[in-house]
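**Student:** Dropping a structure here in structure tokens format, bear with me for questions.
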Ligand SMILES: Cc1cc2nc3c(=O)[nH]c(=O)nc-3n(C[C@H](O)[C@H](O)[C@H](O)COP(=O)(O)OP(=O)(O)OC[C@H]3O[C@@H](n4cnc5c(N)ncnc54)[C@H](O)[C@@H]3O)c2cc1C
């Protein structure tokens, strides 16, 4: 079959590799001039700064896509396992016997020792039990409900044993209460539940099924491809090209041509570009943000309600800096958990306000990779979760506020001595994400609240057009690098099942 994939982000690239592996002919059309989508970077003044994802977990999914085209992760990427996976600081003075941070290690033994040293032997024993809980949760949830095509609510019944296991594992109880069942120490409760925010949820409101995200980074580990995260799409694109895929860059999809005009039994016959290009297709996979797709080239089709009326995840204020000096005492990824835990999530998720004392991710990739900055310099990637554009924040004003607060925090934490250390910087606020086509100005798409997950998320197949499929963060299974790579595999499976 000849398949046209719209979009060369990670979802489109994974779809392409899996389709090629199944013997299909693939043409990828991408409006940009390179592959990667939001897994991108800026180059400025000798600094190479990723401006998309930074926390890379579940590397086996990139490997699976590469293996589909006869290559492998270690052949295409120079991967570094980050030890520690990240370092967590508590800004409310909850220090660990003089040390203000705790390291998260994927190695069970190393993490046992860290928890024993920084907290107590009892907590270390609890960590061992918790990590085995996470593994069981992942084993019941991932293959049966995430890495599997879902046709509707009833498909949830197709794995009754796994569903029973999830109930037994209290996966539908509150995440906070399940984590508290293991740890008395408030710091550890925060450490093992904050990851719900990656799914656009407050750790205090999420169900325990979302602890699967904690499993992904705390147990499977965090990696970094030398050169930067954008090496991942580069590797996938190269492997797909070597296996015969055709890439058409600067091709903006403007419409689809249908084989007949009727709504029923409709089939896509070709993909149309805004420069008059026309590429015939036996099947099409759309991997772009769905709200934008339905506003433009899918305008003839019915928009799933959740796309227009659903709840979108919080957004991010992202501040990239190329700075003088090499800060000490930090890991590659550093997480600063703010005070007023409950109030902070309430502000961003429900009250449309920035956190008073925000939880921040500050990555310092130059700890692992000196090639991305001039000698004696460092790259900083500082991200603050902020409300999306549903909130009434005026970012033309707020942007300067957020910038000066971030510079002040980076100075207080010791990443820079003062503003004069900054050599280059780039800032992205929700309006920037919107201008790149991201609905509600968030890079994290529809949130993963229960009724926007699994069978309740927009399906990865069209209910109106027989040979039209979807991948990417607005469809199933969802947002984030591991999920969109999985979405590509699932879309490819649907097409291969057509034959
Ligand atoms: C700042 C930031 C931090 C993040 N942090 C993490 C993290 O640490 N860990 C993690 O796992 N995830 C993270 N994410 C989320 C993750 O990056 C995304 O979920 C994932 O990359 C989305 O990939 P995608 O292929 O679905 O979409 P995209 O990368 O957006 O790809 C869609 C592609 O479609 C193209 N396109 C759009 N419209 C058209 C058209 N009309 N014609 C042709 N082409 C079109 C676009 O140009 C784009 O290349 C982060 C994202 C951002 C931005």
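**Student:** Would you confirm whether any residue within segment 391-411 is farther than 27 Å from residue 223 by Cβ and touching a helix residue (DSSP H, G or I) at 6+ places or on another chain (Cβ under 6 Å)?
**Tutor:** Within segment 391-411, one or more residues are farther than 27 Å from residue 223 by Cβ and touching a helix residue (DSSP H, G or I) at 6+ places or on another chain (Cβ under 6 Å).
Results for (1) surrounded by 20 or more Cβ atoms within 10 Å (Cβ to Cβ); (2) at pLDDT 95 or above, shown as yes or no for each residue.
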residue	(1), (2)
316	yes, yes
333	yes, yes
346	no, no
355	yes, no
366	yes, yes
379	yes, yes
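**Student:** Let me ask something additional. Could you list, in sequence order, all residues of segment 287-314 that are within 9 Å of the ligand (Cβ to nearest atom), crowded, with 20+ Cβ neighbours inside 10 Å and over 14 Å from residue 475 (Cβ atoms)?
**Tutor:** 297
**Student:** Here is a further query. Here is a list of conditions, (1) away from the ligand (no atom under 13 Å from the Cβ); (2) touching a strand residue (DSSP E or B) at 6+ places or on another chain (Cβ under 8 Å), and residue 219 meets all of them except one; can you say which number that is?
**Tutor:** (2)
**Student:** Let me ask another. Can you pull out the residues in segment 20-37 that are within 15 Å of the ligand (Cβ to nearest atom) and either part of a strand (DSSP E or B) or in contact with a strand residue (DSSP E or B) (Cβ under 6 Å, 6 or more places away or on another chain) (or both)? Let's see the steps before the verdict.
**Tutor:** As a first pass, look at segment 20-37 and keep what is within 15 Å of the ligand (Cβ to nearest atom): 26-37.
Scanning segment 20-37 gives 26, 27, 28, 29, 36, 37.
**Student:** Among the helices (runs of 4 or more DSSP H) confined wholly to segment 381-499, which include 2 or more residues that are surrounded by 20 or more Cβ atoms within 10 Å (Cβ to Cβ) and more than 13 Å from the ligand (Cβ to nearest atom)? Walk me through how you get there before you give the answer.
**Tutor:** Details: elements: 395-413, 430-435, 481-498.
Here the list reads 395-413, 481-498.
**Student:** Considering each of 22, 63, 78, 44 in turn, give the residue that is surrounded by fewer than 23 Cβ atoms within 10 Å (Cβ to Cβ) and within 23 Å of residue 198 (Cα to Cα). Can you show your working first?
**Tutor:** Working: 22 fails: within 23 Å of residue 198 (Cα to Cα); 78 fails: within 23 Å of residue 198 (Cα to Cα); 44 fails: within 23 Å of residue 198 (Cα to Cα).
When all the criteria are applied, what remains is 63.
**Student:** Every residue in segment 38-53 that is under 17 Å from residue 365 (Cα atoms) and either modelled with pLDDT under 95 or near the ligand (Cβ under 6 Å from one of its atoms) (or both), please.
**Tutor:** The answer is 39, 52, 53.
**Student:** Let me ask something additional. Exactly one condition in (1) touching a helix residue (DSSP H, G or I) at 6+ places or on another chain (Cβ under 8 Å); (2) more than 12 Å from the ligand (Cβ to nearest atom); (3) part of a loop (DSSP other than H, G, I, E, B) is false for residue 58; which is it?
**Tutor:** That leaves (2) as the condition not met.
**Student:** For segment 162-190, enumerate the residues that are assigned to a loop (DSSP other than H, G, I, E, B) and touching a strand residue (DSSP E or B) at 6+ places or on another chain (Cβ under 6 Å).
**Tutor:** 172
The values are calculated or read from the model by the stated rules, or taken from the named source; none is laboratory data. Values in this document were obtained by computation on a predicted structure and should not be read as measured data. Using ideal geometry, Cβ is built from the backbone for each residue, glycine included, and neighbour counts are taken over all protein chains shown.
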